[in-house]
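Taking it in order: structure first as structure tokens, then the write-up.
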Amino acid sequence: MNNLDKIQMKGNRKGLNLIVNLLEFNSIDELIDAVREKLEPVKGFYSGNAVFVTTYPIRLQEDEKTRLEKMLYDTIALSSVHYEESNRKEDLPQVFSGVEEGHTKFVTKSMRGGQLIEFKGNVVVIGDVHIGAEIFAEGNIVILGQLKGRAFAGTSGNEKAFVAALKLTPSLMSIAGTFARSQDGEPSFPEVAKLQGGNIYVEPYIPSKFEY
């Protein structure tokens, strides 16, 4: 496991949450370098937001917090940095496992810019998701229309979650903390985005071949 995989990164309506097991890092310098590299691909999208740093099972020292906080402000134009500490891994948010069957929220109309959905399960939108609209789901996200806004699936860390749409053109997409943007051009067929080997892969939806 490389250092980037040791840091969980989750986006939500409050901002960005970094979850770090401090025992995985040999020094604060190693941690700072890993966090900087982890944030580099998404720094433009979280400018002006808050960052919440959750550490376990030990705590950062005050001077270590100061160094990490300085790097965060230097890397992203943040509104604030908050530290949340836990002595037990059990205190951290649990991973939603219902991506094959579980709680599902159905939205029966298109989402306009500025609208937000945050749900502890799967989300199905029967319509389009326009630019400026955001969906945060701990499970899968399925759009029966065009996805132009932001879609964050598997937000509690489930790497089996997927994002699917009739036209998959998100301004930003994430699965279990791994981020990607759509390629140039507009697809003429449904697509499914899945996480494989630490990267998001998009492939055509073929009913006879697609497997969860």
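The values are calculated or read from the model by the stated rules, or taken from the named source; none is laboratory data. All figures in this text were calculated on a predicted structure; none of them were measured in a lab. With ideal geometry, Cβ positions are generated from the backbone for all residues, glycine too; neighbour counts draw on all protein chains shown.
Annotations
- Of all residues in the stretch 188-199, those being in a strand (DSSP E or B) and closer than 23 Å to THR104 by Cβ number 5.
- Odd one out for LEU116 among (1) crowded, with 18+ Cβ neighbours inside 10 Å; (2) touching a Lys or Arg at 6+ places or on another chain (Cβ under 9 Å); (3) touching a residue at least 40 places away in the same chain (Cβ under 8 Å): (1)
- Among the candidates GLY44, GLY48, GLY15, residue that is buried (at least 17 other Cβ atoms within 10 Å of the Cβ) and either within 27 Å of LEU116 (Cα to Cα) or among the aromatic types (Phe, Trp, Tyr) (or both): GLY15
- Checked against the criterion of being closer than 12 Å to ALA193 by Cα and under 18 Å from the mean Cα position of the chain (by Cα), the stretch 129-140 contains one or more residues that satisfy it.
Per-residue answers, yes or no, for (1) at pLDDT below 95; (2) part of a strand (DSSP E or B):
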residue: ALA165; (1), (2): no, yes
residue: SER174; (1), (2): yes, yes
residue: PHE179; (1), (2): yes, yes
residue: GLN183; (1), (2): yes, no
residue: GLU186; (1), (2): yes, no
residue: TYR201; (1), (2): yes, yes
residue: SER208; (1), (2): yes, no
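- Any hit, the stretch 63-79, residues being touching a residue at least 60 places away in the same chain (Cβ under 8 Å) and farther than 20 Å from GLY177 by Cβ: yes
- Of all residues in the stretch 98-129, exactly one satisfies the criterion of being hydrophobic (A, V, I, L, M, F, W, C), assigned to a loop (DSSP other than H, G, I, E, B) and assigned by TED's automatic domain parsing to the domain that holds GLY145, namely ILE126.
- Identity of the residue in the stretch 130-163, part of a loop (DSSP other than H, G, I, E, B) and hydrophobic (A, V, I, L, M, F, W, C), that ends up nearest to GLU191 (Cα to Cα): ALA161
- For GLU62, the test of being of a type outside the set (Lys, Arg) and more than 29 Å from ALA165 (Cβ to Cβ) is passed.
- Filtering LEU116, LEU72, LEU92, LEU147 for residues that are touching a Ser or Thr at 6+ places or on another chain (Cβ under 7 Å) and at pLDDT 85 or above leaves a single hit, LEU147.
- Checking the stated criteria, ASP5 turns out to be outside any strand (DSSP E or B), out of contact with any Cys (no Cβ under 9 Å at 6 or more places or on another chain) and under 20 Å from THR178 (Cβ atoms).
- Scoring VAL124 on the criteria (1) touching a Phe, Trp or Tyr at 6+ places or on another chain (Cβ under 7 Å); (2) at pLDDT below 95 leaves a single failure, condition (2).
- The stretch 41-86, residues that are of a type in the set (Lys, Arg) and in contact with an Asp or Glu (Cβ under 9 Å, 6 or more places away or on another chain): ARG59, ARG67
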